[in-house]
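The values are calculated or read from the model by the stated rules, or taken from the named source; none is laboratory data. Quick caveat: nothing in here was measured; it's all calculated off a predicted structure. As a convention, Cβ positions derive from the backbone with ideal geometry for all residues, glycine included, and neighbour counts pool all protein chains shown.
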Amino acid sequence: MSANSSVTVVQLDSAAQANKEQLHLLPCEIEHNGPAEVSRFYSPTVKDHKHEMTVSFRGRPLKGQEVNCPQGYTGLVLKEVQRPSSDQEDRIVKVSSVFNNFTRWNLETPPTSDDGVVMAMMWPKLAEAIHGPIDE
Amino acid sequence: MDLGEFETDNSVSCRLSSPIPDLCKNEDCCLGIDEAGRGPVLGPMVYGICFCPVSKKEDLKALKVADSKTLTETERENLFMKLDEAKSYVGWALQILSPNTISNSMLQRSKYNLNALSHDAAIGLVRYAIDSGVQLKEVFVDTVGPAEKYQEKLSQQFPGVEVTVRPKADSLFPVVSAASICAKVARDHAVKGWKFAEDLGDVDTDYGSGYPSDPKTKSWLLKYLDPVFGYPQFVRFSWSTAQTLLDTKAVTVHWDDDEEDGEKAAARQNNTSVLSYFSRKPSHGAHPREPHRFFSERKLQSVDTL
């Protein structure tokens, strides 16, 4: 919990105009925050042969799997409109793109059902079962 | 030489071959192995075999095949045409190892080095010739590595075949010269007609020789460096020239199998550095409750700030 009193506002109405972008989740940490030439370097080199998705990143072989967002959920990519100059100021965040699925990439072997991210998608269903109202 | 099959997908390895001459299925044959494009940081490496009946060795010699490195590109093209005209007794096959195949192999979790990759390509080609019915008796190979070990490896693979591994074999044995010409012509065509899988628009094709020492190659590598993705698949990422440029000009990428050490790496990986045991622990408030394994395994965390 942050000690300051600032409020973060997510402008959800911006989701309507947001782009629907293809998302890739890579099995490495890239020390970069910002735009990347995905459509020039990455997307055109992705191959989808008989349900096996392959690509290379920095010369290393990756295998991919499509992961759907849990039912009833939409994925959001948020972007800060303007970075506040002090931590007392409110922060405004808008939706820069929305997604209903993404590609999970793994090094050399395809992501399996015990992949953390793939398994994480089950949580909303489980949470609903635990916390949802009980029908009489 | 038609590289159509390779060009439809130049990110993988591809085999091209001539028809097998009937004569080679009925007579004892000799076969030469050579490669082209081992050193360059750009483009594919091509392994080539060429074979003919032992009785036709002199005819092959009469075609005046020579080590491909001593010939001009036009001379190589002409000699390849001559080999094609001699198809009643000369056959060839090539294994084109795309730069992406080379990068992927060498940067695998369990590293697959260039020598092993080369040997396997050569063995695969000889196996192909035998499986296609070529009556193989003699094999001649050019080598850059230690000859004895390679000779032993090949002899074991192909019992009953006399194997000669010799440095500079491409200038000593016409059948190896012929293999070197086939390989070099394919490599030249592949580099010249390279179709970039990436969406790069009009690509500057002035990449020089492709050797790391060539200033033209170096400036091309700088021009097409992307800070996130590195290079197009035309580049062998596993070459130290490429790696060094990426280390200095591109953003750092960490993989889970990186061999990092030190406090910084430990901190990044959320491990505890041994040094942390000597520093004073922040001890305000109660100990936060560890989330259940269910959440940590799924990398799920509660977020209350952005």
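What number of residues within the stretch A:98-129 are of a type outside the set (Asp, Glu) and within 11 Å of chain B (Cβ to nearest Cβ)?
Here the count works out to 14.
Kindly indicate whether any position in the stretch A:6-19 is touching a residue at least 12 places away in the same chain (Cβ under 8 Å), in contact with a helix residue (DSSP H, G or I) (Cβ under 8 Å, 6 or more places away or on another chain), surrounded by 13 or more Cβ atoms within 10 Å (Cβ to Cβ) and not in a loop (DSSP other than H, G, I, E, B).
No; the residues of the stretch A:6-19 include none that is touching a residue at least 12 places away in the same chain (Cβ under 8 Å), in contact with a helix residue (DSSP H, G or I) (Cβ under 8 Å, 6 or more places away or on another chain), surrounded by 13 or more Cβ atoms within 10 Å (Cβ to Cβ) and not in a loop (DSSP other than H, G, I, E, B).
Within the stretch B:50-103, track down each residue that is in contact with a Leu (Cβ under 6 Å, 6 or more places away or on another chain) and under 30 Å from B:ASN10 (Cα atoms).
Once the filter is applied, which keeps residues that are in contact with a Leu (Cβ under 6 Å, 6 or more places away or on another chain) and under 30 Å from B:ASN10 (Cα atoms), the stretch B:50-103 yields B:PHE51, B:CYS52, B:VAL65, B:LYS82, B:VAL90, B:ALA93, B:LEU94, B:GLN95.
Within the set of pairs 6+ apart or on separate chains, which have a first residue in the stretch A:64-87 that is more than 25 Å from A:THR54 (Cα to Cα) and among the polar types (S, T, N, Q), a second that is at pLDDT 90 or above and in a strand (DSSP E or B), and C-beta atoms under 6 Å apart?
From the stretch A:64-87, the pairs are A:THR74/A:VAL98.
Please determine, by comparing only the residues of the stretch B:233-249 that are within 8 Å of chain A (Cβ to nearest Cβ) and assigned to a loop (DSSP other than H, G, I, E, B), which one is surrounded by the most Cβ atoms within 10 Å (Cβ to Cβ).
Once the filter is applied, the top-ranked residue is B:ARG236.
Does A:GLU80 satisfy the condition of being within 13 Å of another protein chain (Cβ to nearest Cβ) and under 17 Å from the mean Cα position of the chain (by Cα)?
The answer is yes for A:GLU80.
Select the helices (runs of 4 or more DSSP H) contained entirely in the stretch B:1-69, then report the ones holding at least 3 residues which are under 25 Å from B:GLU162 (Cα atoms).
Fully inside the stretch B:1-69 and qualifying: B:22-26, B:57-62.
Take the residues in the stretch B:274-300 that are more than 10 Å from chain A (Cβ to nearest Cβ) and at pLDDT 70 or above; name whichever of them is surrounded by the fewest Cβ atoms within 10 Å (Cβ to Cβ).
B:ARG289
From the residues in the stretch A:27-54 that are touching a residue at least 24 places away in the same chain (Cβ under 8 Å) and at the interface with another protein chain (Cβ under 9 Å from one of its Cβ atoms), which one is farthest from A:LEU107 (Cα to Cα)?
Residue satisfying both the conditions and the ranking: A:CYS28.
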